[in-house]
Every structure is written in structure tokens, then in C-alpha cells.
Amino acid sequence: MQLNLKEVLKQVKKIEIINRILVENVLRGAYRSSFKGQGMEFADVREYVEGDDVRTIDWNVTARTNVPHVKQFIEEREMTVLLLMDASASMDFGTINRVKRQLAVEFCASLAFSAIKNNDRVGLVLFTDRIEHFLPPKKGRMHTMRLIRDMIYFQSRSRNTDLNCVLEFLTHLVKKKCTAFLISDFLSGINFEENLRRANFRHDLNAVVLTDQREREMPNVGILELQEPESGKRVVIDTGSRRAREQFNHFSREHRKKLMALFKRCRVDSVDLDTAKSYVDVIVAFFRKRLRRRR
């Protein structure tokens, strides 16, 4: 597909403007507190922002300036965030406000702008059943703009999903410890437990589960011909059949139970994002939950 450069820049700029406001007003402090470790070597002080751990306040500087300041440590200035985004065909599904891929881009952009605000490095991995694209972690606005552009316009070679491939990449090829977000609909099965456990042992891994209402509950809308996005297989379903709806809904609930149990066994934090809803409040609550546990 031939890309229009003006359209690319317009889309990226729109996301930047939305996230600049979001990061400054909502996410910055929560992100910083939830994912920043305390290094042993003191580096500097900076002004306090909402969400900072009050135990890091430098009372001497605060008294001199009449403005709250907190201590910074080496680890706090050198965090690496890696976004692992599913780019398979199932991510193009969505029935209300947006498709799952758009939701993933919005979420990743928010984290990326939060990272550069805190002078952190951020990188991107786009995967299907293979590693499709890797943008190594760097700092700065221009790098983040390229990351967003890649997420919006990259075209995958494969339509299928294999979570094992990206988890193995994270474990074996990403040498330095990072905070990683695995963003997917997780509909390809749960045969990745061992690789999930290994990746989380080496890194700080978080799962972001993208969902759509019609993948959780089948509506009664008569006869439908559906196509499985990854395999291309077509099937005709009578959604007017109560038995068919109950079987579908039961399968969806059981899959979710197994997925949540898997994350719990592997000690991986997870958060659900719905295509029909704003992700902002959900993400802030997720950050604050992590912060409470750390304390």
C-alpha cells in the first residue's frame, strides 16, 4: 500500500497532541511511581509530581525552595520500556468505537510519551507468529514519533499469532532488564506458560489484554457467516439458537478463566482494555495497584 506522507504525519501529530495532555495531567506521576525502582546511588533532585513516593522527598531542598522536591536515583533515570504489540489479523477486529489495533496504538503511545517525559528509553516489537519489526529502545520525541508511525502503518507478512516467539525474543535477545508490556487479544491459546514464566523472571513483564464485547458474548442477530481472521476459515452460525449462544459464551468465559489463572501462576500483572471504553481510568488504576503492592 502506498502511504501518503501528509496523512502519516497528520495521524501521528493527532496522537501526540492527545497524549501530551493525557500524560501531563493524568499518567505521568502514576507511571513514574509504578515502574521506577530505587537505585542505590543518589543522582539529583526534581520537583514532586502527583503519584511520587512521599518517602523520597528531599526535605532540605523543599525547605529552601518552598516547593516539594524528591530525590532521583540512577535507576530512576535509566529505565527501558519495551512495547510488544500483536500485529496479527485478529487485531483488526472491533465492533463499537475502534478495532483492537487502534486501541493498542493509543495505549502504546501513552506509555511512549510517558517514558520520554521521564527521560526513559522506549522500544517496539511488532509480532505475529514471527518477529515482524524491532525498533530498539531510544530516548526522545523524534524516536517516539517514529515508533507511533510504525505501529499505525506497518503491514505484517503473516496473519497468525504465536506468543512463544515474542516471549523467546524477550528472554534471549533483550539482554538488559526492562519493563515490558505484552499487548495482545490472547486468543491464540494458552500454550506459552513456560516462556511467559522465563520472560517475567528476567524482565518486569505486564500483560495487556485487548477485548471486544462481541468476542465475549454472542448477540441474537439471526444467521451470520463469520470468517476467522487468521486462518480465513468461514463458518455459518445461527445466532438465534440459544444453545449456540450459550456454547460460545461458555467457551469465552472458560478461556478467560484459564488466561487469568496462567498470569497468576506466572506472577504477571495484567490489565483489560475494551474497544468500547476509554482506557485512561483503567490504566491509572492499574498503575496505582502496582504502587500499593510495591509499598
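The values are calculated or read from the model by the stated rules, or taken from the named source; none is laboratory data. Just so it is clear, the structure is predicted and the values come from calculations on it, not from any experiment. Cβ placement follows ideal geometry from the backbone for every residue including glycine, while neighbour counts extend to all protein chains displayed.
Checking each residue in the range 195-213 for being touching a residue at least 40 places away in the same chain (Cβ under 8 Å) and in a helix (DSSP H, G or I) picks out L196, R197, N200, Q213. Residues that are polar (S, T, N, Q) and farther than 16 Å from Q102 by Cβ within the range 151-168 comprise S158, N160, T161, N164, listed in sequence order.
Can you tell me which residues in the range 247-273 are among the polar types (S, T, N, Q) and under 17 Å from the mean Cα position of the chain (by Cα)? Working first, answer last.
As a first pass, look at the range 247-273 and keep what is among the polar types (S, T, N, Q): 247, 249, 252, 270.
The answer is S270, and nothing else.
Scanning for something touching a helix residue (DSSP H, G or I) at 6+ places or on another chain (Cβ under 7 Å), assigned by TED's automatic domain parsing to the domain that holds V280 and among the aliphatic types (A, V, I, L, M), does the range 157-165 turn up at least one residue? There is no residue in the range 157-165 that is touching a helix residue (DSSP H, G or I) at 6+ places or on another chain (Cβ under 7 Å), assigned by TED's automatic domain parsing to the domain that holds V280 and among the aliphatic types (A, V, I, L, M). Being assigned by TED's automatic domain parsing to the domain that holds F201, touching a helix residue (DSSP H, G or I) at 6+ places or on another chain (Cβ under 6 Å) and within 25 Å of K277 (Cα to Cα) is the requirement here; does A109 meet it? Yes; evaluated as a whole, the condition is true for this residue. Being surrounded by 14 or more Cβ atoms within 10 Å (Cβ to Cβ), more than 30 Å from K176 (Cβ to Cβ) and either among the basic types (K, R) or modelled with pLDDT of 95 or more (or both) is a property that R288 lacks.
Looking across the range 87-127 at every residue that is among the hydroxyl-bearing types (S, T, Y) and under 26 Å from K177 (Cβ atoms), the one that is modelled with the highest pLDDT is identified as S110. Looking only at the range 239-295, count how many residues are part of a loop (DSSP other than H, G, I, E, B) and aliphatic (A, V, I, L, M). Here the count works out to 2.
Checked against the criterion of being hydroxyl-bearing (S, T, Y) and buried (at least 19 other Cβ atoms within 10 Å of the Cβ), the range 199-211 contains one or more residues that satisfy it.
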